[in-house]
Amino acid sequence: MVTTSLTSPFEVASGFHALSDPLRVRVLELLQQQEYCVCELCEQLHVSQSKLSFHLKALREASLVRARQEGRWVYYSVNRRQFNLLEQYLSEYSRRTAGLLSGRYSSCQ
């Protein structure tokens, strides 16, 4: 089993599930550049606020974005720490599977 700073397999699965939707990936690409409020994201992505809110909720639940309220507006930004944890998971997975591919084959052939 791959061990990382992530506390559970649920966090890993939640993170990758959140990344599995093209609109969510587009949101994250925008948020890499700067913090945006919901109305700005809707305008940039040409989607309704209700549709975007659904996707932002999935990203928040996966801890991939942070929400900050200022007055009546909510501003979103990337949670780089969570991305680093997912990257660490993939790196560890890659490191461990590289050993399997370099000559340690299963006896089930």
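The values are calculated or read from the model by the stated rules, or taken from the named source; none is laboratory data. Predicted, not measured: the structure shown is a model, and the values here were computed from it. Cβ sites come from the backbone with ideal geometry, for glycine too, and all protein chains shown count toward neighbours.
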Inset, instruction - Report, ordered by the first and then the second residue, all pairs with beta carbons closer than 7 Å, sequence separation of six or more or different chains, a first member in the stretch 70-97 that is under 19 Å from Arg60 (Cβ atoms), and a second member that is surrounded by 11 or more Cβ atoms within 10 Å (Cβ to Cβ) and among the aromatic types (Phe, Trp, Tyr). - result: Tyr75/Tyr36; Tyr76/Tyr36
Legend entry - Search result, residues across the stretch 55-82 that are surrounded by 14 or more Cβ atoms within 10 Å (Cβ to Cβ), assigned to a helix (DSSP H, G or I) and modelled with pLDDT of 95 or more: His55, Leu56, Ala58, Leu59, Arg60
Inset, instruction - Mind listing just one residue for me: the one in the stretch 10-24 that is in contact with a His (Cβ under 7 Å, 6 or more places away or on another chain) and of a type in the set (D, E, K, R) and, of those, surrounded by the fewest Cβ atoms within 10 Å (Cβ to Cβ)? - result: Asp21
